[in-house]
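Structure first, then comments.
The values are calculated or read from the model by the stated rules, or taken from the named source; none is laboratory data. Treat the numbers as computed from the prediction; the structure is a model and nothing was measured. Cβ atoms come from the backbone with ideal geometry, glycine included; neighbour counts cover every protein chain shown.
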Amino acid sequence: MATFSQLPSGKWRVQVRRSGLYRAATFVTKREARDWATGIESQANHIAAGGFAPIPKTATVADLIDKYTETMSKPYGKTKTATLAMLRRDLGKVKLSNLNNVVLRDFIDRREEAGAGGVTIAADLSHLSQILKWARHARQLDISERLALDARASLSHRGMNTRSKERDREPTDDELNRLYALWDNSPLQRIPMPMLCRFALATGMRQGEICRLEIDDLNRAEKTIIIRDRKDPQNKQGNDQVVPLLPDAWAIVRPLIEDRKSGFLFPYDERSVSTAFTRGCKRLDPPIKDLHFHDIRHRATASFFRMGLDIPRVALLTGHKTWAMLRRYTAIKPSDIHDTINKAKPDSPVPDKAGQKKRRAK
């Protein structure tokens, strides 16, 4: 019930206590105070009935996104930041109370017309779902958290593929040698691309991880290095990992740190590395098609398995958390299994049955 009291200044103070909810405010006139109290009591009744607060009448999707970004303490990556900005532009003016399946249907239509594929649109709706879940469970707003999830499920009924195609492209020895020769004979090539590629092959690191390595994080005695903020679906920041540098990798690192005590191990912008790699593929005659720097990681991961390393040890090198994540980077052939077994098993004659019987008799 609301209680009203007039202050010495002539203004009116109103207090509302209802269903465990307490609100108070001051207004110039009693009518303003009464109107406000009526809205608060309605909100309290709504909470008492369903356990959630009603959506403010004037609140928009943009307001919700802004509140979400202000409240969440974790920094976002480039992809999520761009997606939230796009959602704000496209859906920002929609009132939260009017957000429904039809609005999201039209959103999907616009995204598809703009050229976005099923994988991209599914990711957009997943980010929107996170915001709606936050609004319902962190802010206790009476909003459906299933809206975006149902819209995402509808993509398959539209015939849209929501799963990205797994790449199995690996650079061949011939392709790498051609690239090395091109860069070695290019006087304008300032980034030592052959060295970076060989280091990627020896470590399985991503190009961003390579360009962020710091000399201070090297342990010369243990021949290890710390990869800062390693990519992880759950932890975008602070996911530091100590990894061993295998002999081929250490052979590259050792001369680089002879006269250097600090700074980046490879002081090059990862975007410039990516550009140099792509440009090199195009400059060759004939050019190398459909090859990216990240494809070196595929080959490196497969080579670790071919060396005989087991899943936990390969996962330590590559940073994958599960076999499902690691499996897509492998390219093990039946012949590789035979080679591994033959290397591990020494040649020895198979005992004949007579020999077996004699040993048992003893």
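Summary of values
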quantity	calculated
Looking only at segment 315-325, and only at residues there that are surrounded by 14 or more Cβ atoms within 10 Å (Cβ to Cβ) and either modelled with pLDDT of 90 or more or among the polar types (S, T, N, Q) (or both), the one that is farthest from Ile225 (Cα to Cα)	Thr318
Enumeration of residues in segment 77-108 that are outside any helix (DSSP H, G or I) and either touching a Phe, Trp or Tyr at 6+ places or on another chain (Cβ under 7 Å) or surrounded by 15 or more Cβ atoms within 10 Å (Cβ to Cβ) (or both)	Gly92, Val94, Lys95, Leu99
Residues within segment 159-199 that are surrounded by 12 or more Cβ atoms within 10 Å (Cβ to Cβ), under 27 Å from the mean Cα position of the chain (by Cα) and not basic (Lys, Arg), tallied	11
Residue match in segment 125-148 (condition: of a type in the set (D, E, K, R), within 23 Å of the chain's Cα centre (by Cα), surrounded by 15 or more Cβ atoms within 10 Å (Cβ to Cβ) and part of a loop (DSSP other than H, G, I, E, B))	yes
Residue match in segment 181-199 (condition: out of contact with any strand residue (DSSP E or B) (no Cβ under 8 Å at 6 or more places or on another chain), closer than 16 Å to Gly280 by Cα, modelled with pLDDT under 90 and among the aliphatic types (A, V, I, L, M))	yes
Close pairs from segment 12-37: first under 20 Å from Pro56 (Cα atoms) and small (Gly, Ala, Ser), partner modelled with pLDDT under 90 and part of a helix (DSSP H, G or I), Cβ under 7 Å, at least 6 apart	Ser19/Ala44; Ser19/Ile47; Ser19/Ala48; Ala25/Trp36
